[in-house]
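Note sheet for the following structure.
The values are calculated or read from the model by the stated rules, or taken from the named source; none is laboratory data. Given the structure is predicted, the values throughout are model-derived calculations rather than measurements. Glycine gets a Cβ as well: all are built from the backbone with ideal geometry, and neighbour counts include every protein chain shown. Keep in mind that these areas ignore ligands, DNA and RNA; they rest on the heavy atoms of the full protein, side chains included. Shrake-Rupley method; radii C 1.70, N 1.55, O 1.52, S 1.80 Å.
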Amino acid sequence: MPTPETGYDPSLGRKFVFVTGGVMSGLGKGITAASTGRLLADAGFDVTAVKIDPYLNVDAGTMNPYQHGEVYVLKDGGEVDLDLGNYERFLGTDMTSDHNVTTGKVYQEVIEKERSGDYLGDTVQIIPHITDDIKRRIREAAAGSDVCLVEVGGTVGDIEGMQYLEALRQFAHEEDDDDILFAHVTLVPYSKNGEQKTKPTQHSVKELRSIGLQPDVVVGRSEDELAESTREKIALFCDVPTEAVFSNPDVEDIYHVPLMVKSEGLDEYVMEQLGLADEALPEAERDDRWRELVTRERSGEVEIALVGKYDLEDAYMSVHESLKHAGQKCGVEVDVSWVDSDEMLDRHTERLRDADGVVVPGGFGSRGTEGKIEAVRYARENGVPYLGLCLGFQMAVVEYARNVLGLDGAHSAEIDADTPHPVIDLLPEQEDRDDMGGTMRLGAHATEIEADTLAHEVYGDTQCTERHRHRYEVNPAYIDDLESGDLRFSGHAGRRMEILEHDDHPYFLGTQFHPEFRSRPDRASPPFVGLLEAVIEETGVQNYDHDETEVTA
Ligand code: GLN
């Protein structure tokens, strides 16, 4: 129930920004929304987000990274769309699976309720049963927040998005006008003679209006700022005031989008429209750390080779972002070069020669694994700083077993079921599993770190809690053998090996978990910072530790 003083029920969200996309997907509407959210948070509001993915998959866990980019993992083990990673990084919050609504989840729930007789004989229909479930999910995810950003994936006009737009229409009808804002992010292309064209925007807004939705704000994505005449034209045809049409030109770095959104005044306009302007912190009291972080000076550049099987930055998005955060902290620019793990086999290590450090990220299946093992060997033998994440940790175990312990044919049972030495084997609880969705060892689990190890130095603690996503682990039968030389497991979760390192190496660290999912611009992930610090030391690039500078200044 609403409280008498504020009229606002804190168990529900208070204000909602619904974000739709026009003309084409991949315009970065999630980044635009997240950037606006960052600014609202800096102005003192509690901001959260919901990403709607109108596909029938229940979650992103079974989806191919080639089509959808990386599967992002939340602390509760939710395997979700990578946009949730952007929301967590921009808003600085930890979310749960409830913040990713998919058609699969909605229909699964409604059909299960129908089977258990919950609808008491009703005909179960898209309206109202599906739309009610969508609205319930949005309200529940927004609970306790001042502002909830709700991004509808895809583009207006997609058949599969219709039920969501209808749910949002009903939602707006049920709430007060000043509690809801519709923002439409659209493409403004250029004609051959360099003129900005508004027709695609007009059409997508027309499509929105035909289903009863009128945008309050139109954001035009384009190479450059929108010309005044372009904004006026969009305003006229889309029936919004000219000051509600915002430019969103390309910027070099996604972390600069909040600065651009601010210079456009989109955050102020949103607060104004939602009746929040009076509660916002005065400009001088707003948190300005973001700007400080993302515009820091860099003293040099280091090159990190990322050895993976997908030639697609999105497939390793959180790893890229983590390297960027670590670069910001250490004051260096990080140039990430993708090295095809398949190619590693033919051309061996020549592809790695220019790299100052090597990262082998997570992965599944056999393709490219021999190349990854080669990359590990190169880094180990040549003293090149190395960070292995999940599969990159497992391949470091395989490499050591084969090339140092002489266990010929050692492998992970995932990749070679008949290996004579399954140094990496199925987790015992996985043995009888046959369904693939949401059944791995997932989410945040604590790791105990041994004192006086590299891991201890890197984390500055004897414990860390990081997110997981794996089905295989170090085979306990091989641990004594594996630790007989200079490899050691410096992090454990009960009987599970979580971190490995080599004593005689400038920086060789492998983690069974995925530290990249907790890295934030203002909280760079320790294993990535450790990697860059080692690289800086090896290459002699000057290190600016901004945090230390601040302390001594
Ligand atoms: N495929 C490996 C496993 O299931 C590694 C998983 C990963 O890298 N996320 O254990």
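Some points to look at:
- The set of residues in the stretch 413-441 being open to solvent by less than 50 Å² (accessible area, probe 1.4 Å), in contact with a helix residue (DSSP H, G or I) (Cβ under 9 Å, 6 or more places away or on another chain) and modelled with pLDDT under 75 consists of G437, G438.
- Residues that are within 22 Å of S25 (Cα to Cα), open to solvent by less than 30 Å² (accessible area, probe 1.4 Å) and part of a helix (DSSP H, G or I) within the stretch 146-183 comprise G161, Q163, Y164, L165, A167, L168, listed in sequence order.
- D461 open to solvent by 30 Å² or more (accessible area, probe 1.4 Å), in a loop (DSSP other than H, G, I, E, B) and in contact with a strand residue (DSSP E or B) (Cβ under 7 Å, 6 or more places away or on another chain): yes
- Count of the stretch 220-243 residues, restricted to those that are assigned to a loop (DSSP other than H, G, I, E, B) and open to solvent by 80 Å² or more (accessible area, probe 1.4 Å), is 4.
Yes/no matrix, rows are residues, columns are (1) surrounded by 23 or more Cβ atoms within 10 Å (Cβ to Cβ); (2) of a type in the set (K, R); (3) modelled with pLDDT under 95:
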| position | (1), (2), (3) |
| --- | --- |
| A315 | yes, no, yes |
| E333 | no, no, yes |
| S337 | no, no, yes |
| D340 | no, no, yes |
| R353 | no, yes, yes |
| V359 | yes, no, no |
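- Among the residues making up the stretch 47-94, those that are of a type in the set (A, V, I, L, M, F, W, C), in contact with a strand residue (DSSP E or B) (Cβ under 7 Å, 6 or more places away or on another chain) and open to solvent by less than 20 Å² (accessible area, probe 1.4 Å) are V47, A49, V50, I52, A60, V71, V73, L74, V80, L82, L84, L91.
- Qualifying residue in the stretch 369-376 (condition: in contact with a strand residue (DSSP E or B) (Cβ under 6 Å, 6 or more places away or on another chain), within 29 Å of D314 (Cα to Cα) and hydrophobic (A, V, I, L, M, F, W, C)): yes
- A444, sole failed condition from (1) open to solvent by 50 Å² or more (accessible area, probe 1.4 Å); (2) within 16 Å of the ligand (Cβ to nearest atom); (3) in contact with a strand residue (DSSP E or B) (Cβ under 7 Å, 6 or more places away or on another chain): (1)
- All positions within the stretch 399-409 that are open to solvent by less than 30 Å² (accessible area, probe 1.4 Å) and over 13 Å from L487 (Cβ atoms): none
- Considering the stretch 399-441, and only residues there that are away from the ligand (no atom under 12 Å from the Cβ) and part of a helix (DSSP H, G or I), the residue that is farthest from N475 (Cα to Cα) turns out to be N403.
- As for the stretch 56-79, it holds no residue that is polar (S, T, N, Q) and more than 19 Å from the chain's Cα centre (by Cα).
- Looking only at the stretch 366-382, and only at residues there that are open to solvent by 30 Å² or more (accessible area, probe 1.4 Å) and under 21 Å from E70 (Cβ atoms), the one that is nearest to the ligand (Cβ to nearest atom): S366
- Here the stretch 447-473 is the region considered, the condition is being in contact with a helix residue (DSSP H, G or I) (Cβ under 7 Å, 6 or more places away or on another chain) and not basic (K, R), and the residue that is farthest from the ligand (Cβ to nearest atom) is T462.
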